[in-house]
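Beneath this line is the structure, given in structure tokens, with notes to follow.
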Amino acid sequence: MMDWSEPRNFKEWARRVFSLRPLVLILLILSILILEMRFDWIEQLLGTYLISTNSKRPESGAIWEIGQKTLMAQQTLEQIVTDRQAIQREAFGATSFSKIVSNIPLDHGVMLSSDHFRKLYLKLSPVIAREIASPFELLRLFSYGRLDRSYFKKTGDGLEIYLLDNQNRVLRKLKITSYLLYNIKQGEIELNVPLEDLDSFKNRIYPADSFFEALVSLPEDVRRNVVSQPERFLRISGQITRVGISDETVSGFIDLGFEIERGTRLSVIRIQGRDWAVWQLRSQIEKNTSPLSTSDSQDTDM
């Protein structure tokens, strides 16, 4: 039976301390400590318990918040990288300046080769191309062999193009305004409608033969500023039957619509001409020809 009275002397203290029960208790505690230091079984049991109860505990605490912020940062970074890769892929496949612009978010940019820039530039009508950069200036840059790549950046009012060497030094900065982008985009559109369905050409539609007769009567520089790429129309299958001339001037350009007849199907190709040249052409046409009325247009279609 355990003696709970206070020891009266040192001998009794020693007898109680070195009795069997205290020694067994001390050995047990030492064994637990040694096993813990060797196998970390307490931590493992505690970890297993915490994992089993993790779903029931509230998501809170500094460590959890740091983990959440890290996870969100990784997801955001992955999304940014994915978006940039998608933009770059779209730019690599772009066949015009307007398609590049449509795929780049505001204040973002893409890097393209100098050869890609050259191909896009050569697809522009000469009138618009000269507004962006002089072909002689580009010839000079290409002939030096220093032009290595081009960086396209979408800005609030248009597109900026930086022509770079192989050390990313800017050789030339070009700016395409929103008006020029509009003209570039319009010049690439072929619409499957007759001319009178387009409001910009109503009551300003002329027979194609009258248009081209007036065009060839003008000086060469005027003709080129009306239709900068006549070769394009020679490659078109079908017959040009009518031409519409817009009354609206946008940044020095006027829309022209060429109606193409392919069997029973009508379509309109829109291009832009310089306003001063188109005015001279229209004045020349109207000396001998009046615009077709709606009824005349319908009779022509029949």
- Task: Please tell me if SER102 is in contact with a helix residue (DSSP H, G or I) (Cβ under 9 Å, 6 or more places away or on another chain), outside the structural domain of GLY273 (by TED's automatic domain parsing), touching a residue at least 60 places away in the same chain (Cβ under 8 Å) and small (Gly, Ala, Ser).
- Result: no
- Determine which member of the set GLY252, GLY273, GLY263 is more than 15 Å from SER228 (Cα to Cα) and among the small types (Gly, Ala, Ser). GLY263
- Hey, does segment 197-209 have a residue that's of a type in the set (Phe, Trp, Tyr) and in contact with a helix residue (DSSP H, G or I) (Cβ under 6 Å, 6 or more places away or on another chain)? yes
- Query: List, please: which pairs have Cβ atoms under 6 Å, are six or more places apart or on different chains, and start with a residue in segment 186-213 that is more than 12 Å from ARG270 (Cα to Cα) and end with one that is at pLDDT 85 or above and assigned to a helix (DSSP H, G or I)?
  - Reply: ILE205/LEU195; TYR206/ILE285; SER210/ILE285
- Task: Go through segment 141-233 and tell me which helices (runs of 4 or more DSSP H), entirely inside it, have 1 or more residues that are among the hydrophobic types (A, V, I, L, M, F, W, C), more than 28 Å from GLU286 (Cα to Cα) and modelled with pLDDT under 80.
- Result: 178-186
- Message: I'm told ARG146 meets every condition in (1) under 30 Å from HIS116 (Cα atoms); (2) in contact with a helix residue (DSSP H, G or I) (Cβ under 7 Å, 6 or more places away or on another chain) except one. Can you identify the failing condition by its number?
- Response: (2)
- Task: Look at LEU112 and say whether it is at pLDDT 75 or above, in a strand (DSSP E or B) and either more than 30 Å from ASP275 (Cβ to Cβ) or not assigned by TED's automatic domain parsing to the domain that holds SER178 (or both).
- Result: yes
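The values are calculated or read from the model by the stated rules, or taken from the named source; none is laboratory data. Because the structure is predicted, anything quoted here is derived from the model rather than measured. With ideal geometry, Cβ positions are generated from the backbone for all residues, glycine too; neighbour counts draw on all protein chains shown.
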